[in-house]
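The values are calculated or read from the model by the stated rules, or taken from the named source; none is laboratory data. Being a predicted model, the structure only gives us computed values, none of them experimental. With ideal geometry, Cβ positions are generated from the backbone for all residues, glycine too; neighbour counts draw on all protein chains shown. Keep in mind that these areas ignore ligands, DNA and RNA; they rest on the heavy atoms of the full protein, side chains included. Shrake-Rupley method; radii C 1.70, N 1.55, O 1.52, S 1.80 Å.
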Amino acid sequence: MTTQEIVSKLWNLCNVLRDDGITYHQYVTELTYILFLKMARETGAESKFAEGITLIEGDNLTPEQEAQNNEKKIIQAYSWDMLLSKSGLELYRSYKDLLRLFGTYCTGRVREIYQGSMTNIEEPKNLEKIITAINELDWFSAREEGLGNLYEGLLEKNANEKKSGAGQYFTPRVLIDVMTRLMKPQPRERCNDPACGTFGFMIAASRYVKENTDDFFDLDADTAKFEREEAFTGCELVHDTHRLALMNAMLHNIEGQIILGDTLSNLGKSMNGYHLVLTNPPFGTKKGGERATRDDFIYTTSNKQLNFLQHIYRSLVADGTGRAAVVLPDNVLFADGDGEKIRCDLMDKCNLHTILRLPTGIFYAQGVKTNVFFFTRGKTDVGNTKEVWFYDLRTNMPSFGKTAPLKKEHFADFEKAYEAEDRRAVQDERWSVFTREQIAEKGGSLDLGLIRDDSLLDYNDLPDPAGSAEESAANLEEAVDLLMSVVKELRALEVQD
């Protein structure tokens, strides 16, 4: 079986849970709990659940200590086969106990994934059906295809399902890959996503390094260890999404820290010194118009994307190597007030060398217009941006969506222009450049670089404005004359009466 076939089978299991009133997102979270247990069996990691768990020793243990020891023994004795051997209410109770115990006594990633976990399944028979169905999948093929790829496919399936709501800011895999290829993460670089979602950007960055180092075998032992344990990190605000990110990272053998928290709080001040940031931060404003609680931001605004932009360029190393590729909505291009000040600060501290105007329809929130900002942190804090290149991948493009997905080939001409040794030699109507002075003349707005929309009428085909005005005036005069003649006739009839 292919990964796609296994993902489809897993996704179809959600039909089992409809009677329990479980949402698509809850279903993916529930699958995460169960898949983790099954995948641990398939990878031989079941024995690691008990690592770091020690029983309380002594002759005079309190009832509470005895109870703790008994619970720890359950984890030590756990196996997937033990779960399969139970059914009905007994299985349901054992499963609920495991969720709590793994989140309480296990260590490392296991504890992070299960901490605060609870099942949304209420019908024991439904739980039994899911566990049985997962056990019967072709796990040999799943291992061959890659368990991480299987899980990523499941997350993407969730995002593609509009009812789940998960696709609102889900970044299409093809866009993640394009941004990663152009940023070229290197060994020993510290990479970060401050709004990491399910960790897609960092997994792509890790994959890029692996592909260019023979799966880290070209690296010395210390560097390979750094890549696995420190190179790729993130932060996620939503607990359930954080749990999915942890699972995704673990299945891709990434052990870097994934923080559960708010980058726009003072927690984010410690997230700095990065060589590369790849991210698609959430759009909108904080609830109630509340401003970010970071006390180190010079410009305070309730606009999330502007605050994330501030955080990102401040978090890069200022040695000429720190760089970022960030998905941002159109309003970042033209927002006045603090928005204009933040853009100016960005162009001073960084070389904002490229803006890609993305097509509409690639995000499932209708009407969202987005761009990718590519910039490099300078060694000084002033005058780093001399000119900004724009590529219009929006105008006169197909209507993208679930039935017409964005594909790698749609970015081919942009990648060619982006990587050209002489950008001015590129012959492409979608490719244009504006100097910092020209941008200043336009009020500091970056809402630039869009070509003529062929769906609109050609200006040359429109009638001459002066001629149209004269014709309209003549028609009005004729109408007035006609009305006056009617008035005269009516007056004449009145006299006759």
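Evaluating Tyr418 against the criteria (1) farther than 17 Å from Pro172 by Cβ; (2) touching a residue at least 40 places away in the same chain (Cβ under 8 Å); (3) surrounded by fewer than 18 Cβ atoms within 10 Å (Cβ to Cβ) leaves one unmet condition, (3). Within the stretch 373-399, the set of residues being open to solvent by 20 Å² or more (accessible area, probe 1.4 Å), touching a residue at least 40 places away in the same chain (Cβ under 8 Å), under 22 Å from the mean Cα position of the chain (by Cα) and more than 14 Å from Asp413 (Cβ to Cβ) comprises Thr376 only.
Among what's in the stretch 308-341 and is open to solvent by 10 Å² or more (accessible area, probe 1.4 Å) and of a type in the set (S, T, N, Q), pick the residue that is farthest from Gly200 (Cα to Cα). By that ranking, first place goes to Asn331. For Ile439, indicate whether it is hydrophobic (A, V, I, L, M, F, W, C) and in a loop (DSSP other than H, G, I, E, B). Considered against the rule, which asks whether it is hydrophobic (A, V, I, L, M, F, W, C) and in a loop (DSSP other than H, G, I, E, B), Ile439 comes out as no. Filtered by the rule that a residue be at pLDDT 85 or above and either open to solvent by less than 10 Å² (accessible area, probe 1.4 Å) or among the β-branched types (Val, Ile, Thr) (or both), the stretch 156-181 gives Thr171, Val174, Leu175, Ile176, Val178, Met179, Thr180. Residue count for the stretch 14-46, restricted to those that are under 17 Å from Tyr92 (Cβ atoms), open to solvent by less than 20 Å² (accessible area, probe 1.4 Å) and either hydrophobic (A, V, I, L, M, F, W, C) or touching a strand residue (DSSP E or B) at 6+ places or on another chain (Cβ under 7 Å) (or both): 4.
Only one entry of Asn212, Asn248 meets the criterion of being modelled with pLDDT under 95 and of a type in the set (S, T, N, Q), and that entry is Asn248. Against the list (1) over 27 Å from Phe308 (Cα atoms); (2) touching a helix residue (DSSP H, G or I) at 6+ places or on another chain (Cβ under 8 Å); (3) open to solvent by 70 Å² or more (accessible area, probe 1.4 Å); (4) charged (D, E, K, R), the condition Asp428 fails is (3). The residues in the stretch 96-122 that are without any contact (Cβ under 8 Å) to a residue 40 or more places away in the chain and touching a Phe, Trp or Tyr at 6+ places or on another chain (Cβ under 9 Å) can be counted, and the count is 6.
Taking Glu227, is it open to solvent by less than 70 Å² (accessible area, probe 1.4 Å), touching a residue at least 12 places away in the same chain (Cβ under 8 Å), among the charged types (D, E, K, R) and under 27 Å from Ile34 (Cβ atoms)? Criteria not met by Glu227. Within the stretch 431-447, if we keep just the residues that are touching a helix residue (DSSP H, G or I) at 6+ places or on another chain (Cβ under 9 Å) and β-branched (Val, Ile, Thr), the residue that is nearest to Phe390 (Cα to Cα) turns out to be Val433.
Table: residues versus (1) under 30 Å from Val368 (Cα atoms); (2) of a type in the set (Asp, Glu); (3) buried (at least 16 other Cβ atoms within 10 Å of the Cβ).
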site: Phe201; (1), (2), (3): yes, no, yes
site: Asp222; (1), (2), (3): no, yes, no
site: Leu244; (1), (2), (3): yes, no, yes
site: Met247; (1), (2), (3): yes, no, yes
site: Gly273; (1), (2), (3): no, no, no
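The set of residues in the stretch 2-13 being within 25 Å of the chain's Cα centre (by Cα), open to solvent by less than 60 Å² (accessible area, probe 1.4 Å) and under 21 Å from Thr119 (Cα atoms) consists of Leu10, Trp11. Counting only helices (runs of 4 or more DSSP H) that sit completely within the stretch 301-405, those holding 1 or more residues that are at pLDDT 95 or above and farther than 22 Å from Pro194 by Cα correspond to 331-334, 338-349.
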